[in-house]
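Please treat every number below as a calculation from the coordinates, not as lab data. Note that the structure is predicted; figures quoted are calculated from it, not measured. In this analysis, Cβ positions are derived from the backbone assuming ideal geometry, glycine residues included, and neighbour counts consider all displayed protein chains.
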Amino acid sequence: MERKIALVTGATSGIGKATAMILAQNGYDIIATGRRSDRLQKLQKELPESTEYLPLTFDVRDRAKVQELLGGLPPKWAKIDVLVNNAGNAHGLDPIQSGDLDDWDAMMDINVKGLLYVSKAVIPGMTARKSGTIINIGSIAGKEVYPNGNVYCGSKHAVDAITDGMRIDLNPFGIKVIGIHPGLVETEFSEVRFKGDSQRAEKVYQGYEPLLARDIAEIVEFVVNRPPHVVLADIVVLPTAQASATVVNKNSQG
Ligand code: NDP
Ligand code: 8X3
């Protein structure tokens, strides 16, 4: 039987890496992307030996490169069954009046436009085959807005709206479109948000038990294993200590 193929963006770290690993354990061959090619090489060694693996190094902001690499995949890799649009980050946590334009560009260009460029390259194959699953990693920041979250929240609200739009437009083709919206997950996310200030990043996850990347990967595993007639369209997943974007019981444990 032909093996299924999953493309996971942002697989060099955190949620994307855990997702690539769990999908490989579920029998998928893996296309993994990110900018850090050394990490993509290392990931191969952590996958099951039977997994066929195609690492692709590119920045999702590079529209021409995305189209060149994903639009021109070799035949073995061209039929993508599952696309996980995961690449993204927050850059900064500043009030709107003092936010940094480079941070704003990064968040809108990576989280929103990068997701669109990748999707644009993959969707035509899915519509032609009338099958496929697209999983967009949004955020609780796409469901609520919190102080100083402004543009990151805007980018994730856009992901939420685009996910709904994809589900509507791709409905005639039987393509499943799923939004997964996590709360606080301990990954390199806060290191990136706070530009390498690891002390500040660590504090985000102290005093309670945050989600781990593996928790989100297990949800991906669950949704891709539903029968053909079932789609979990929109999922918000929080640590038990988190009640909303801003309410976190930091005196629980951890
Ligand atoms: P990490 O920082 O651990 O991982 C981010 C991944 O995105 C890396 O693999 C990184 O790869 C990739 N990435 C970032 N920028 C680019 C780019 N310009 N081009 C290509 N790849 C890029 O964070 P998470 O795993 O936590 O984040 C993954 C997703 O989950 C993001 O969309 C994030 O917004 C979302 N999310 C995270 C939450 C959290 O609390 N951690 C909660 C809710 C949502 P590389 O640097 O090698 O390019
Ligand atoms: C990441 C979670 O709360 O920092 O999307 O926005 S949060």
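Residues that are touching a residue at least 40 places away in the same chain (Cβ under 8 Å) and under 22 Å from residue 186 (Cβ atoms), at least 3 per element: which helices (runs of 4 or more DSSP H) completely within region 1-89 meet that? Working first, answer last.
Working: elements: 14-25, 37-46, 63-71, 75-78.
Hits in region 1-89: 14-25.
Looking only at region 206-245, which residues are among the basic types (Lys, Arg) and either in contact (Cβ under 8 Å) with a residue 60 or more places away in the chain or buried (at least 17 other Cβ atoms within 10 Å of the Cβ) (or both)? It would help to see each step written out before you state the result.
First pass over region 206-245, keeping only residues among the basic types (Lys, Arg): 214, 226.
Within region 206-245, 214 is the sole residue that qualifies.
Condition test on residue 45, is it touching a Lys or Arg at 6+ places or on another chain (Cβ under 9 Å) and of a type in the set (Lys, Arg)? Quick ask: steps written out before the conclusion?
Working: touching a Lys or Arg at 6+ places or on another chain (Cβ under 9 Å): no; of a type in the set (Lys, Arg): yes.
So residue 45 fails the test.
What tally of residues in region 170-195 results from selecting those that are acidic (Asp, Glu) and over 14 Å from the mean Cα position of the chain (by Cα)?
First pass over region 170-195, keeping only residues acidic (Asp, Glu): 186, 188, 191.
With the extra rule that they be over 14 Å from the mean Cα position of the chain (by Cα), the set shrinks to 186, 191.
Total meeting the criteria: 2.
Please go through region 134-153 and pick out each residue that is of a type in the set (A, V, I, L, M, F, W, C), over 15 Å from residue 112 (Cβ atoms) and within 11 Å of ligand 2 (Cβ to nearest atom).
Residues satisfying the conditions are 140, 145.
Can you pull out every residue in region 210-235 that is under 18 Å from residue 186 (Cβ atoms) and either touching a Pro at 6+ places or on another chain (Cβ under 9 Å) or acidic (Asp, Glu) (or both)? First the steps, then the outcome.
Step one: filter region 210-235 for residues under 18 Å from residue 186 (Cβ atoms), giving 210-220.
Once the filter is applied, which keeps residues that are under 18 Å from residue 186 (Cβ atoms) and either touching a Pro at 6+ places or on another chain (Cβ under 9 Å) or acidic (Asp, Glu) (or both), region 210-235 yields 210, 211, 215, 216, 218, 219.
Would you mind telling me which numbered condition in (1) in contact with a strand residue (DSSP E or B) (Cβ under 9 Å, 6 or more places away or on another chain); (2) over 25 Å from residue 213 (Cα atoms); (3) not hydrophobic (A, V, I, L, M, F, W, C) residue 94 fails?
With respect to (1) in contact with a strand residue (DSSP E or B) (Cβ under 9 Å, 6 or more places away or on another chain); (2) over 25 Å from residue 213 (Cα atoms); (3) not hydrophobic (A, V, I, L, M, F, W, C), residue 94 is out only on (1).
Being within 16 Å of ligand 2 (Cβ to nearest atom) and surrounded by 15 or more Cβ atoms within 10 Å (Cβ to Cβ) narrows it down to one of 15, 5, 22, so name that one. If you could, list the steps in order and put the result at the bottom.
Numbers: 5 fails: within 16 Å of ligand 2 (Cβ to nearest atom); 22 fails: within 16 Å of ligand 2 (Cβ to nearest atom).
Only one candidate passes the filter, namely 15.
Quick check on my filter: what residues within region 179-194 are part of a loop (DSSP other than H, G, I, E, B) and near ligand 1 (Cβ under 7 Å from one of its atoms)? Talk me through it step by step, then tell me what you get.
Applying the first criterion (part of a loop (DSSP other than H, G, I, E, B)) to region 179-194 yields 183-184, 187-188, 194.
Hits for region 179-194 are 183, 184, 187, 188.
Within region 132-164, how many residues are surrounded by fewer than 18 Cβ atoms within 10 Å (Cβ to Cβ) and in contact with a Lys or Arg (Cβ under 9 Å, 6 or more places away or on another chain)?
Number satisfying all stated conditions: 0.
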